[in-house]
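J.: Below: one structure in structure tokens.
The values are calculated or read from the model by the stated rules, or taken from the named source; none is laboratory data. Quick caveat: nothing in here was measured; it's all calculated off a predicted structure. Heads up, the Cβs are rebuilt from the backbone with ideal geometry, glycines too, and the neighbour counts pull from every protein chain shown. Accessible surface areas use protein heavy atoms only, side chains included; no ligands, DNA or RNA. Shrake-Rupley method; radii C 1.70, N 1.55, O 1.52, S 1.80 Å.
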Amino acid sequence: MMKIEKWFVNSEKHARSNIKILEHLLNYIELGSISRVLEIGCGTGSLSAYLVNKHDLSLVGTDVDPEQIEQAIKSHGSGEKLRFSNADATSLPFGNTEFDMILSFKVLHHIRSWQSVLGEITRVIKPNGFCIVNDISFSNFTSRVLKGITKNLRVCTVEDIARYFQLKHFEMVHKESPKGVLLKHYSMVFQKR
């Protein structure tokens with residue numbers, strides 16, 4: 001991320017916004033069945049820490065940026081219930097079916113090989129586990145234009161992400177209508193079957 005973007009995503013306002021979105025999306029899952037959670041792209045750990053403190057869950061927050069992990073540990077500590085780890089979302093250092101819920105908040109649009117990330121999510125999530133994705137993606141129009149310009153760019157749409165999960169036997173529990181013209185802001189909740 002560029003410095004200005006990192007400043008924005010690490011802001012208190014951004015954290016409050018993500019917490020508000022998360023609390024809304026938690027209404028679509030069976031929170032009582034959740035004990036172990038993974039957050040991909042946890043940044044400074046505000047969302048992870050909030051979830052552990054508010055809902056008494058065990059959570060691992062990962063980020064590819066070691067500076068973000070250092071800040072998360074400095075701000076929230078790291079222990080039995082809440083742990084932070086430097087990890088690449090395309091190759092997670094966890095065993096199969098370790099987590100009851102996975103969060104991905106505004107991460108996928110940063111990752112060129114987004115399909116690898118979704119593959120790792122499907123690998124580390126338990127059967128009946130939930131995946132909450134909140135992000136931005138290209139509109140269908142923007143995607144077609146960019147794919148015509150460059151063959152190497154891994155441009156994805158909301159539909160691409162939904163289709164991927166459905167092909168991997170996830171049921172869409174909730175989808176909010178994407179908002180935006182060139183970039184679409186969206187939230188989706190999936191459950192692995």
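J.: Provide the percentage of antiparallel DSSP beta bridges, counting only those with both residues in the stretch 12-114; round to the nearest 5. The partial results should precede the final answer.
T.: Values: 0 of 14 bridges.
Restricted to the stretch 12-114, the bridges split so that about 0 percent are antiparallel.
J.: Taking 7 Å along the Cα-to-C-beta vector as the label spot, tell me the E23-N96 distance in nanometres, rounded to one decimal.
T.: 3.9
J.: Still on this structure, I have one more. Among N86, S75, F165, which residue has its Cα positioned farthest towards the positive end of the charge dipole of the chain, with +1 placed on the Cβ of Lys and Arg, -1 on the Cβ of Asp and Glu, and the dipole taken about the Cα centre?
T.: Selected residue: F165.
J.: In nm, what is the difference between 0.36 nm times the number of residues separating E30 and K54 and their Cα-Cα distance?
T.: Working: separation 24, 0.36 × 24 = 8.64 nm, distance 1.55 nm.
The E30-K54 span can extend by a further 7.1 nm.
J.: Another question, if that's okay. Which aspartates and glutamates have a Cα lying under 19 Å from the Cα of K175, excluding residues fewer than 8 positions away in the same chain?
T.: Excluding near neighbours in sequence, the set is E23, E30, D135, E159, D160.
J.: So, one more: Could you sort K6, K20 by their accessible area in this structure, using a 1.4 Å probe and putting the largest first?
T.: Numbers: K6 40, K20 160 Å².
The ranking, largest first, comes out as K20, K6.
J.: How high is the relative contact order of the chain, in percent, with contacts defined as C-alpha pairs under 8 Å that are six or more residues apart? Can you show the working numbers first?
T.: Working: 346 pairs, mean separation 33.9, N = 193.
So the answer I get is 18 percent.
J.: Within the chain, what whole-number % of the accessible surface is contributed by carbon and sulfur, with the 1.4 Å probe and all protein chains included in the calculation?
T.: Numbers: 5260 of 9880 Å².
C and S atoms contribute 53 percent here.
J.: Oh, and also: Tell me the accessible surface of R163 in square angstrom (1.4 angstrom probe, heavy atoms of protein chains only), to the nearest ten.
T.: Roughly 120 Å² of R163 is accessible to a 1.4 Å probe.
J.: Given a 10 angstrom Cα cut-off, can you work out which residue in G180, G77, G32 is the most mobile in a GNM of the chain?
T.: Among G180, G77, G32, the largest mean-square fluctuation in the Gaussian network model of the chain belongs to G32.
J.: Quick one: pull the percentage of alpha-carbon pairs in the stretch 11-54 with a separation above 15 Å.
T.: Details: 412 of 946 pairs.
Here the long-distance tail beyond 15 Å is 44 percent of all Cα pairs in the stretch 11-54.
J.: How big is the dipole moment of the chain about its Cα centre under a simple scheme where the beta carbon of each Lys and Arg is +1, that of each Asp and Glu is -1, and everything else is neutral? Debye, nearest 20, please. Numbers along the way, then the final one.
T.: Values: 25 positive and 20 negative charges, 122 e Å.
Here the size comes out at about 580 debye.
J.: Sticking with this structure for a sec: Report the FRET efficiency, 1/(1 + (r/R0)^6), for D65 and E176, where r is their Cβ-Cβ distance and R0 is 30 Å, rounded to 0.05. Write down the numbers at each step before the final one.
T.: Numbers: r = 28 Å, r/R0 = 0.93.
That pair, D65 with E176, gives E of 0.60.
J.: Using a Cα-Cα cut-off of under 18 Å, which lysines could be cross-linked to K126, ignoring same-chain neighbours fewer than 8 residues away?
T.: K168, K192
J.: Right, something else. Considering only protein heavy atoms, what per residue accessible area in square angstrom results for the chain with a 1.4 angstrom probe?
T.: Details: 9880 Å² over 193 residues.
Heavy-atom SASA per residue in the chain reads 51 Å².
J.: Would you tell me the accessible area of M172, worked out with a 1.4 angstrom probe on the heavy atoms of the protein chains, in Å² to the nearest 10?
T.: For M172, solvent-accessible area is about 50 Å².
J.: Translational diffusion coefficient, Stokes-Einstein: compute it for the chain using the Kirkwood radius over C-alpha pairs as Rh, at 20 °C and 1.002 mPa s, and state it as an integer in µm² s⁻¹. Please list the in-between numbers first.
T.: Working: Rh = 16.9 Å.
Translational diffusion coefficient: 127 µm²/s.
J.: Run the numbers for Q166 and H110: contour at 0.36 nm per residue of separation, minus the present Cα-Cα distance, in nm.
T.: 17.9 nm
J.: Most fluctuating residue of S78, S104, S177 in a GNM of the chain with Cα springs under 10 Å: which is it?
T.: Most flexible of the set in this elastic network: S177.
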